[in-house]
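Right, one structure below, let's go through it.
What follows is calculated from the coordinates using simple rules that are stated; it is not laboratory data. A quick note: this is a predicted structure, and the numbers were derived from the prediction, not measured. Glycine gets a Cβ as well: all are built from the backbone with ideal geometry, and neighbour counts include every protein chain shown.
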Amino acid sequence: MPTTEQRIIDQLGQLIGSASVSSTDPAWDQGNRSVIDLLASWLSQMGFATEIQEVTPGGNKANLIATRGTGPGGLVLAGHTDTVPFDEGRWQSDPLSLSERNNRLYGLGSTDMKGFFPLALAAAASFNDTELQQPLIILATADEESSMNGARALAAAGRPKARAAIIGEPTSLVPVRMHKGILMDAVQVRGRAGHSSNPALGNSALEGMHAVMGDLINFRADMAQRYSNPLFEVAYPTLNLGHIHGGDSPNRICGKSELHFDLRMTPDGDNDEVREAIRQRLAKIGEQRGLDIELRQLIEDVSPFEQAADSELVQLAEKLTGHTAIAVAFATEAPFLQQLGMETIVMGPGSIDQAHQPDEFMPLDQIQPCIALLEQFIRHYCL
């Protein structure tokens with residue numbers, strides 16, 4: 001009979017070996033069904049009722065809802081099954097094969113966040129011979145790293161339902177009760193092309209874009225004054241001008257230019273309100289300069305997330321971990337689970353510093369502490 005740690009390593013090796021990259025780039029994008037089927041098989045053997053929710057036609061991308069026990073309360077242990085793309089040449093070992101060295105488990109998704117699932121299963125297995133009074137739900141989602149369509153599908157379906165949810169993103173087992181939202185938008189400026197020898201022959205989209213960029217930078221400073229939150233390491237909303245293109249020749253007045261930016265809002269603000277404020281500012285620039293300026297979404301937004309500091313789940317997490325709950329800049333599926341009526345935190349093994357990096361790893365010394373913590377949450381919410 002394999003030991004718990006041997007079983008965890010074996011399961012993690014199988015999950016990592018089942019490639020499930022999600023990306024906005026079709027050349028990289030893959031399904032996650034092989035990972036979902038693996039988890040469903042293991043959980044079925046443990047006595048969980050498993051339901052696979054297809055996220056795309058044909059089910060190449062899917063969510064898994066695995067439930068043991070019944071009742072109106074209970075606990076959800078949640079994670080995403082997809083990974084980011086990778087550059088194999090920058091890894092010291094095969095990213096799609098689990099490698100153990102230096103008391104670490106290396107592999108793509110080892111910490112972000114396939115590694116959480118074997119630990120959640122190990123914690124659940126501690127109660128195999130115990131009758132649960134409230135349900136324990138293991139939730140696995142698709143496409144967190146790109147569209148979050150898996151979590152969006154769950155929110156639209158209105159399930160699963162439970163009293164509390166823990167999302168096992170890598171936080172070094174420190175509870176997270178707050179994170180910024182994210183929106184990614186494009187600004188397209190259309191002017192009029194013409195011969196560069198006479199400015200009157202055209203209306204430069206690049207010069208218009210210069211005004212747009214300056215105004216966005218000023219708006220960023222305004223947001224820092226209005227929406228700062230000292231609980232964040234970067235206390236204010238960030239706005240990053242990430243990509244720009246315009247024109248085709250130095251001797252032609254530019255007729256069209258496009259800028260892509262992201263904005264990460266604190267829970268003190270609202271994505272829709274901020275976008276509308278930007279839209280009004282851009283309309284004013286367009287009117288002043290005789291330019292057509294369009295603002296459009298590149299991805300569906302993720303809302304800022306906040307779980308109240310005095311909520312039962314946060315208080316319990318702080319007591320069990322010995323850490324005050326923190327705020328982080330990265331976005332998660334937490335807002336979607338919170339929409340389902342569950343108190344929600346983000347807390348899992350490994351560090352976000354290793355996520356999205358070559359030689360991603362899970363520290364071996366996080367395994368047993370994580371299992372022990374999850375067992376205590378299960379005991380509190382399900383027994």
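In table form, for the structure just shown:
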{"quantity": "Relative compactness, the range 287-354, computed as alpha-carbon Rg over 2.2 N^0.38 Å", "calculated": "1.67"}
{"quantity": "In sequence order, calculated HN-Hα J values of the range 41-53 (Karplus, 6.51, -1.76, 1.60; Hz; x Gly/Pro)", "calculated": "4, 5, 6, 4, 5, 8, x, 7, 7, 10, 10, 9, 9"}
{"quantity": "Footprinting exposure proxy for 171, 81, 3, 130 (fewest neighbouring C-beta atoms within 10 Å first)", "calculated": "3, 130, 171, 81"}
{"quantity": "Helix-derived mean residue ellipticity, 222 nm - over the chain, DSSP H n ≥ 4, -39500 (n - 2.57), to 500", "calculated": "-10000 deg cm²/dmol"}
{"quantity": "Between helix 367-382 and the chain: long-axis angle, C-alpha atoms, 0 to 90°, nearest 10", "calculated": "80 degrees"}
{"quantity": "The chain: angle of helix 271-289 to the longest principal axis, Cα-based, in degrees nearest 10", "calculated": "10 degrees"}
{"quantity": "Shape parameters for the range 183-297, alpha-carbon atoms, Rg then Dmax in Å", "calculated": "15.8, 54"}
{"quantity": "Using alpha-carbon coordinates, inclination of helix 205-226 to the longest axis of the chain, degrees", "calculated": "50 degrees"}
{"quantity": "Hull volume in cubic angstrom per residue (convex hull over the Cα atoms of the chain)", "calculated": "149 Å³"}
{"quantity": "Check: the chain dipole with +1 on Lys, Arg Cβ and -1 on Asp, Glu Cβ, in debye", "calculated": "540 debye"}
{"quantity": "Per principal axis, descending, Cα span of the range 1-158 in whole Å", "calculated": "50, 40, 21"}
{"quantity": "Euclidean distance of C-alpha centroids, the range 73-98 and the range 27-66, integer Å", "calculated": "15 Å"}
